[in-house]
Amino acid sequence: MLRSLLFTIAGMLFLVSSSVAQRTRQNDTLCDLTVHVRNSADRSIDRPLQVELLSPQGTPMMAVHLTGEGQAQFQVMPGNTYRVRASGVGVEPTTSDPIYIYEWEHTHTETLNVTETNNGDNKTANGSGSAPTVSLAEMNVPPKAREELQKGTEAFQKGDLTKAQEHFEKAASIYPQFARAYTNIGVIAIKQNDRVKAREMFLKSISVDEGFLPAYVNLARMNFQDKNYQESEKLLQKVMAVNPSIPDAVALLASAEFMNKEYDKALTDAQRAHRLPNHEQFADIHLVAAQVYQIKGKQQEAVAEYQMFLKESPNSPRVPMVQKQIAQLQAGSN
């Protein structure tokens with residue numbers, strides 16, 4: 001029963017596409033989201049920046065590069081919540097509060113205030129010195145390559161995978177260090193059930209830019225699905241060393257640790273995932289925590305985790321199985 005519940009987790013974890021977002025409602029009008037990045041003195045930032053659009057799960061969907069008076073513009077689906085994140089050399093990586101785009105909005109403007117560092121170091125707000133999700137190589141992408149990436153993103157959103165791949169491949173030919181383009185080609189390969197090519201593209205991303213985290217997460221997910229849990233954990237540990245706050249990466253790490261029988265680590269990371277924003281998207285992580293508690297003989301704690309899963313994912317097909325597990329645990333404690 002324990003492992004049968006966990007094996008469902010891999011299929012539930014969100015597939016990171018890094019700079020492309022699946023369009024789920026074909027007939028809706030897109031909203032133009034404009035983001036101005038300012039410093040604490042309400043001035044524009046006169047240095048290269050990357051501004052990313054994040055999904056509710058914290059996954060990078062699109063990226064725009066700015067300098068000085070520029071502004072980042074994204075097209076998003078109304079009726080959804082997003083975040084934006086700015087990073088760059090000499091700027092503390094900063095993520096916005098949730099941004100909700102109402103159904104009726106055709107335009108939406110946000111201002112993101114960031115803090116510039118004096119020494120040019122890339123430190124986080126907590127002083128840990130962790131680097132942002134994006135790498136320096138991402139900051140040097142030529143405009144024409146960025147244009148091709150954007151065209152590929154738009155084609156992907158419309159469901160035209162062939163045209164999307166053509167644009168991503170052109171972006172990579174213009175800038176061979178463009179890890180994001182290779183990763184997006186890998187995401188398309190996943191959608192086309194070509195796992196050999198997907199793995200090749202994710203490895204290519206890492207080889208040209210070892211600081212590009214989405215490629216590590218995608219590759220770790222493939223290893224998890226292939227039951228290569230140790231390699232999956234190794235890749236995710238590299239991600240955690242740079243950015244420990246990517247929800248789907250933390251959730252996947254906890255699952256890999258559980259399968260590697262590192263139960264204390266799995267419990268710690270499951271609990272950490274639960275404390276991250278929008279953690280409800282990863283309700284399955286409570287199944288990991290519950291199973292660890294069962295192994296430790298802590299039945300009440302296990303029941304609490306199972307109940308949290310039911311609260312956060314009441315429509316899951318695993319609800320009957322979890323309810324049965326709760327009943328058995330409660331009966332055994334009487």
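The values are calculated or read from the model by the stated rules, or taken from the named source; none is laboratory data. Treat the numbers as computed from the prediction; the structure is a model and nothing was measured. We place every Cβ from the backbone using ideal geometry, glycine too, and count neighbours over all the protein chains shown.
Here is how the numbers come out for the structure above:
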item: For Asn140: the one exception among (1) at pLDDT below 95; (2) under 30 Å from Ala266 (Cβ atoms); (3) surrounded by fewer than 17 Cβ atoms within 10 Å (Cβ to Cβ); result: (2)
item: Search result, residues across the range 194-231 that are within 21 Å of Met61 (Cβ to Cβ), in a loop (DSSP other than H, G, I, E, B) and not hydrophobic (A, V, I, L, M, F, W, C); result: Asp209, Gly211
item: Residue list for the range 150-171, filter: crowded, with 24+ Cβ neighbours inside 10 Å and under 18 Å from Ile206 (Cα atoms); result: Phe168, Ala171
item: The range 271-324 - residue that is acidic (Asp, Glu) and part of a helix (DSSP H, G or I) and, of those, nearest to Thr81 (Cα to Cα); result: Glu280
item: Meets criteria (modelled with pLDDT of 80 or more and surrounded by fewer than 19 Cβ atoms within 10 Å (Cβ to Cβ)) for Asn80; result: no
item: In the range 27-63, the residues that are polar (S, T, N, Q) and modelled with pLDDT of 75 or more; result: Thr34, Asn39, Gln50, Ser55
item: Any hit, the range 245-262, residues being charged (D, E, K, R), part of a helix (DSSP H, G or I), over 15 Å from the mean Cα position of the chain (by Cα) and surrounded by fewer than 23 Cβ atoms within 10 Å (Cβ to Cβ); result: no
item: Meets criteria (buried (at least 17 other Cβ atoms within 10 Å of the Cβ) and in contact with a Pro (Cβ under 7 Å, 6 or more places away or on another chain)) for Gln281; result: yes
item: Any hit, the range 288-297, residues being of a type in the set (Lys, Arg), out of contact with any Cys (no Cβ under 8 Å at 6 or more places or on another chain), modelled with pLDDT of 90 or more and over 21 Å from Asn223 (Cβ atoms); result: yes
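Residue by residue, here is whether (1) aromatic (Phe, Trp, Tyr); (2) touching a helix residue (DSSP H, G or I) at 6+ places or on another chain (Cβ under 7 Å) holds:
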| site | (1), (2) |
| --- | --- |
| Glu154 | no, no |
| Tyr182 | yes, yes |
| Lys204 | no, yes |
| Ala220 | no, yes |
| Ser245 | no, no |
